[in-house]
1. Check Phe35: other-chain or 5+ apart residues with amide H under 5 Å from its amide H, H built from backbone geometry?
2. Step through the residues of the stretch 50-56 one at a time and calculate ³J(HN,Hα) from phi using the Karplus curve (6.51 cos²θ - 1.76 cosθ + 1.60, θ = phi - 60°), rounding each to whole Hz and writing x for Gly and Pro.
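Bear in mind that the values in this text are calculations on the coordinates, not laboratory data. Just so it is clear, the structure is predicted and the values come from calculations on it, not from any experiment.
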Amino acid sequence: MSNTRSTAEEVEQMIEAIKTKLRVATGAAIKASHFDYNKYEDLVDIYELVMSKNQFSVSEMDAIVSELGRLRKDN
């Protein structure tokens, strides 16, 4: 994963990897197009955290999903 530029493809790959790793039940509601590319570095940080762990507590999953919600584009 290249951290030097934010492309739609990279965002899509990170979001899909996060959803898979977290086994998010509402994964269909999380789409790469929902995320603000100006917050790309924050998304990379979440991606790296998720990929570095094997298991997550309920509170960790809640925090990660909340943070992903914060990174969504404003409607």
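1. Lys73
2. Result, rounded to whole Hz: 4, 5, 7, 10, 8, 9, 9.
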